[in-house]
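To start, the structure under review is shown below, and the notes come after it.
The values are calculated or read from the model by the stated rules, or taken from the named source; none is laboratory data. Computed from a prediction, not measured in an experiment: that's the story for all the values here. Note: ideal-geometry Cβ built from the backbone for every residue, glycine included; neighbour counts use all protein chains shown. Note: accessible area is taken over every heavy atom of the protein model, side chains too, but ligands, DNA and RNA are not part of it. Shrake-Rupley method; radii C 1.70, N 1.55, O 1.52, S 1.80 Å.
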Amino acid sequence: MKYVAYYRASRETQRDGLGLDVQRNEILKFIENFGGEVIKEVKEIVSGADLNREGFNKAISTAKRHGATI
């Protein structure tokens with residue numbers, strides 16, 4: 001199974017600690033336990049309420065192009 005990993009934090013202060021690093025570690029644990037391959041990692045700092053999320057749109061297009069799951 002192919003995956004596109006998408007990490008998002010609302011504020012720059014969430015980049016480390018309880019933000020992007022924790023999300024990445026959880027995804028890597030999932031891959032380790034269930035198998036698969038992360039073909040692309042997409043990270044962005046933007047509010048989830050913002051519907052114009054460039055990184056999320058990039059993750060979707062990459063997943064569609066490669067038949068991957070986000």
Report summary line: Taking protein heavy atoms only, a 1.4 Å probe, and rounding to whole percent, the accessible area of the chain owed to carbon and sulfur comes out at 50 percent
**Report entry** Charge dipole (the chain, unit charges on Cβ, about Cα centre) - positive-most of TYR6, LEU28, ILE60
**Finding:** ILE60
Report task. Place a +1 charge on the Cβ of each Lys and Arg in the chain and a -1 charge on the Cβ of each Asp and Glu, then give the dipole magnitude about the Cα centre in debye, rounded to the nearest 20. Result -> 260 debye
Report summary line: With only helices counted (DSSP H, runs n ≥ 4, each -39500 (n - 2.57)), the per-residue ellipticity at 222 nm for the chain, to the nearest 500, works out to -13000 deg cm²/dmol
Query raised in the report: Accessible area per residue, 1.4 Å probe, Å², for the chain: what's the number?
Result: 69 Å²
